[in-house]
Amino acid sequence: MNEDRQPGRIPLYVGQSHPCPYLEDRIALNHFADPTHLLSRPEYSALMSMGFRRSGEYVYRPACPECARCMSLRIDVEAFRPNRSQRRTLKANIGVRLKETPPEYSDEAFSLYRRYLNARHAGGEMAACEPGDFPGFLRASWSDTRFLELREHDRLLAVAATDPLSDGLSAVYTWFEPGLPTRGLGVLAILRQVEEARRRGLRWLYLGYWIPEARKMRYKTAYRPAQILIEGRWRVMDGKNEGSRFPARR
């Protein structure tokens, strides 16, 4: 990745409308950055600060004309302190070690990926993936994506695909062993990414989008202090804006 090129004008395109994957009876629309433009780290970081998200080579942002419910969320790594439940998770996994690896295929990682999808997203398109589809959306040719592996006695428990930014880390996607529900491995993966961002002297861990009504996204509100992007401004998440309804995009 070219880290020296500063953010400039990057063409944006409008994608095709499609059913919203989060809210019923809604139509979603995305803006995405020119996929032929190989982003530098400052450019990618600038887009993330404006509410974009990466999936494979594509960097996109919701642009639904009738809804503005998708809000980017980031954890304040400097100020974050684990709560009681999160401290219990850390204690239960005290023997788990983090190993950073390139974002490459391995039978071990793919087997874990398939078990996770079959347990969490059975019947979905992703659950039918084949080795040739992996890592697919997890990495981009221009990104320094890393796999942060969580291992216990050489056993792979979780993998967090993570992008480095100028001011933080972006949690792209995490999968973990579904047969150990009491270990809180999803929580552990976020906590270890927070620790890694802090170790690198970075301020933020970006967790993607949050929608108050989406049950599957509620876990993201457990990491405080956090900020959400509302109408182009990052604001501290609090009781006032967590349940608020915001107007349609203008």
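The values are calculated or read from the model by the stated rules, or taken from the named source; none is laboratory data. As the structure is a computational prediction, the values presented were derived from the model and not from experiment. Neighbour counts run over all protein chains shown; Cβ positions are idealised from the backbone, glycine included.
For residues that are part of a helix (DSSP H, G or I) and under 20 Å from the mean Cα position of the chain (by Cα), scanning just the stretch 120-140, find the one that is modelled with the highest pLDDT.
138
Evaluate the following for residue 155: is it out of contact with any strand residue (DSSP E or B) (no Cβ under 6 Å at 6 or more places or on another chain) and of a type in the set (Lys, Arg)?
Details: out of contact with any strand residue (DSSP E or B) (no Cβ under 6 Å at 6 or more places or on another chain): yes; of a type in the set (Lys, Arg): yes.
When the stated conditions are applied, residue 155 passes them.
Among the strands (runs of 3 or more DSSP E) contained in the stretch 1-118, which hold 2 or more residues that are in contact with a Phe, Trp or Tyr (Cβ under 6 Å, 6 or more places away or on another chain) and crowded, with 19+ Cβ neighbours inside 10 Å?
Filter on the stretch 1-118 gives 30-33, 58-62, 71-76.
Only one of these is basic (Lys, Arg), without any contact (Cβ under 8 Å) to a residue 60 or more places away in the chain and touching a helix residue (DSSP H, G or I) at 6+ places or on another chain (Cβ under 8 Å): 114, 54, 87, 97. Name it. Lay out the reasoning, then the answer.
Numbers: 54 fails: without any contact (Cβ under 8 Å) to a residue 60 or more places away in the chain; 87 fails: touching a helix residue (DSSP H, G or I) at 6+ places or on another chain (Cβ under 8 Å); 97 fails: touching a helix residue (DSSP H, G or I) at 6+ places or on another chain (Cβ under 8 Å).
114 is the lone residue from the list that is basic (Lys, Arg), without any contact (Cβ under 8 Å) to a residue 60 or more places away in the chain and touching a helix residue (DSSP H, G or I) at 6+ places or on another chain (Cβ under 8 Å).
State which residue pairs qualify: first residue more than 23 Å from residue 87 (Cα to Cα) and part of a strand (DSSP E or B) and inside the stretch 221-236, second residue modelled with pLDDT under 95 and aromatic (Phe, Trp, Tyr) in any location, beta carbons under 8 Å apart, and separation of 6 or more residues or different chains.
230/246
Please work out if residue 174 is under 22 Å from residue 85 (Cα atoms), of a type in the set (Ser, Thr, Tyr) and assigned to a helix (DSSP H, G or I).
The answer is no for residue 174.
Taking residue 136, is it surrounded by fewer than 19 Cβ atoms within 10 Å (Cβ to Cβ) and either touching a residue at least 40 places away in the same chain (Cβ under 8 Å) or touching a helix residue (DSSP H, G or I) at 6+ places or on another chain (Cβ under 9 Å) (or both)?
Yes; evaluated as a whole, the condition is true for this residue.
Take the residues in the stretch 141-182 that are closer than 20 Å to residue 89 by Cα and small (Gly, Ala, Ser), then tell me which one is farthest from the chain's Cα centre (by Cα).
The qualifying residue farthest from the chain's Cα centre (by Cα) is 179.
Of all residues in the stretch 215-246, which are at pLDDT 90 or above and within 14 Å of residue 67 (Cβ to Cβ)?
Correct list: 230, 231.
Could you please tell me which pairs satisfy a Cβ distance under 6 Å, a separation of 6+ or placement on different chains, a first residue in the stretch 8-30 that is within 25 Å of residue 217 (Cβ to Cβ), and a second residue that is surrounded by fewer than 15 Cβ atoms within 10 Å (Cβ to Cβ) and of a type in the set (A, V, I, L, M)?
Filtered contacts from the stretch 8-30: 17/27.
Conditions (1) in contact with a Gly (Cβ under 7 Å, 6 or more places away or on another chain); (2) of a type in the set (D, E, K, R); (3) more than 29 Å from residue 15 (Cβ to Cβ), marked per residue:
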residue: 26; (1), (2), (3): no, yes, no
residue: 35; (1), (2), (3): no, no, no
residue: 44; (1), (2), (3): no, no, no
residue: 65; (1), (2), (3): no, no, no
residue: 78; (1), (2), (3): no, yes, yes
residue: 86; (1), (2), (3): no, no, yes
residue: 89; (1), (2), (3): yes, no, yes
residue: 93; (1), (2), (3): no, no, yes
residue: 108; (1), (2), (3): no, yes, yes
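Which count do you get for residues in the stretch 155-181 that are among the acidic types (Asp, Glu) and surrounded by fewer than 22 Cβ atoms within 10 Å (Cβ to Cβ)?
Counting residues in the stretch 155-181 that are among the acidic types (Asp, Glu) and surrounded by fewer than 22 Cβ atoms within 10 Å (Cβ to Cβ) gives 2.
Out of 180, 191, 150, 169, which single residue is in contact (Cβ under 8 Å) with a residue 40 or more places away in the chain and touching a strand residue (DSSP E or B) at 6+ places or on another chain (Cβ under 9 Å)? Show your work before the answer.
Numbers: 180 fails: in contact (Cβ under 8 Å) with a residue 40 or more places away in the chain; 191 fails: touching a strand residue (DSSP E or B) at 6+ places or on another chain (Cβ under 9 Å); 169 fails: in contact (Cβ under 8 Å) with a residue 40 or more places away in the chain.
After ruling out the rest, the residue left standing is 150.
Please enumerate the residues belonging to the stretch 49-69 that are under 16 Å from residue 172 (Cα atoms) and in contact with a strand residue (DSSP E or B) (Cβ under 6 Å, 6 or more places away or on another chain).
Listed by number, the residues that qualify are 51, 52, 53, 58, 59, 60, 61.
For the structure I just gave you, tell me whether residue 93 is in contact with a Leu (Cβ under 9 Å, 6 or more places away or on another chain) and over 17 Å from residue 161 (Cβ atoms).
Spelling it out, residue 93 is indeed in contact with a Leu (Cβ under 9 Å, 6 or more places away or on another chain) and over 17 Å from residue 161 (Cβ atoms).
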